[in-house]
Each structure stands twice: as structure tokens, then as C-alpha cells.
Amino acid sequence: MATNKVTSLERYREEYKAEAENCSVAEVFPGFSDRLNLLMDHTEDLNIPAMDERGRIAYIHKITGHSKPAVSDWLKKDILPRDQTLRGLITFLLRHIPGDYNVLRVESWVRFGDAATPCPLSLNKGESDTVSLRPLAAKLIADAGKDLTLTVSSYDLQGTMEDVTQMLADYGVRGFEDIQQPLRDLAKYYIQQHLREE
């Protein structure tokens, strides 16, 4: 029995080694530089030079204190800075972009792209997180109202909708598959908070 386990571990180690050797770091974060540059393009009061103009690398070098070659890697070669540096840079840039953004969501998008996290910047182009979640909130409220055997006229739908859409945004819900029982219970709670007086 022990011999089989050793054999399995050795086989798994070989399999891991082959995967690790075939994995190129350059392929891990494709498009990182484009997304970081796009984030910089959304800042309003920093006057960062455009990427197609001279001076962006020097400007970011002066702000961050990191070397020009390192900044050039970030902005042109899809090479990430250290985790703490990236988080600090994103947090700094978001302070100069109008809107309310979740730093972790923006960082996930900058690192991995739309396949992992939808572009949070596009959510603020004419619509907020909560507006995009309204159809989902309406379905959740309708289901909760049914469970409570309440008609829509027995509670303030507008107030309930605002609370439920904000709740969905706060919990990072993107689709109906993200809805779990505690969120359904919260929708019921919000309906009860907005009951009309008889």
C-alpha cells in the first residue's frame, strides 16, 4: 500500500514539474499593461501623459519612486510589480477617478482581465453597479414577496429595490447563480422593513 502512495506522489511530482516548466510567466497576465494604462487614462486630476506621448513612464517613476525600467515593464511588457506595490498604485489611482470602486475588484480586473472580473470601469460609464443589478434585484424581491405571501402593494417597492440592489452590489453578486439562501433571507428582511402601514 505504501509503495503505491510513493509511486503516485512521484508521478504527481513529475506531472507538476512538466506543467511548471511549460508555464511561461509572460503568459500568466496577458493584457495587464493595457489594463493598467486604461486605469491611468481614467484619472482626472493627475495629468498623466497619454501612453502614446512621451513622459508617462517618467511621470509614474517620479510618483512611485520605482526605477524607469521597472515602470516600463509594468506599462509595456505585462510584468506585474510586487503585490503591495500594485495594490498601492491601484488604490492611489482610484482616488483620482470619479466613482465608487471596490479596490479588490479593480485589482482582479487589472491582473487577470475580463475573463476573471468584468471591467469595473465600464460599469460607471452611464450606469452604476446597482443599476446593472436591478433586474436581478426585481426577481429576488418577487420571489421573496411570494414566500412572504405579500402583494407588491403591501410594501414600498422603490425603497426595497434600492436596499436589495445595494446589498447585491456590496456582496459582489453578478448573476442569479451567485444568489445563496442568506441573500434571499435578506431580501425578505428588506421587504419587511418597507411594509406599508395598514
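Readers should treat all values here as calculations from the given coordinates under stated rules, not as data from a laboratory. Just so it is clear, the structure is predicted and the values come from calculations on it, not from any experiment. Don't worry about glycine lacking a Cβ; one is built from the backbone with ideal geometry, like all the others, and counts go over all protein chains shown.
Stretched out fully, how many nm does the piece from T151 to D100 gain, at 0.36 nm a residue minus the Cα gap?
Values: separation 51, 0.36 × 51 = 18.36 nm, distance 3.42 nm.
So the extension gain works out to 14.9 nm.
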Förster radius 45 Å - calculated FRET efficiency between D170 and N47, Cβ distance, rounded to 0.05: 0.85
Calculated from backbone phi, Karplus (6.51, -1.76, 1.60) coupling profile of region 70-85 in Hz, x at Gly/Pro: 5, 5, 4, 4, 5, 8, 10, 10, 6, 9, 7, x, 4, 3, 5, 5
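Tell me the chymotrypsin sites (Phe, Trp or Tyr not before Pro) within region 164-198 that lie in a loop according to DSSP and have at most 15 other beta-carbon atoms within 10 Å. Each step should come with its number before you reach the end.
Working: sites: Y171, F176, Y189, Y190; in loops: Y171.
Taking region 164-198 and a limit of 15 other Cβ atoms within 10 Å, the loop chymotrypsin sites (Phe, Trp or Tyr not before Pro) found are Y171.
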Three-way shape call for the chain based on the alpha-carbon gyration tensor, with the a/c threshold at 1.5: oblate
Amide hydrogen neighbours beyond the local backbone of L133, cut-off 5 Å, H modeled: none
Cβ-defined net charge surrounding K17, 13 Å radius [Lys, Arg +1; Asp, Glu -1]: -3
Burial order of peptide ranges 151-158, 163-170 (average beta-carbon count within 10 Å, highest first): 163-170, 151-158
For Y155, residues with placed amide H under 5 Å, excluding near neighbours: R196
Contact order relative to length of the chain, as percent, for alpha carbon pairs under 8 angstrom and 6 or more apart: 17 percent
Alpha-carbon centroids, region 132-178 and region 72-92: separation in whole Å: 38 Å
Per-residue HN-Hα couplings for region 29-39 [Karplus 6.51, -1.76, 1.60; θ = phi - 60°; Hz; x = Gly/Pro]: 10, x, x, 4, 4, 4, 5, 5, 5, 4, 4
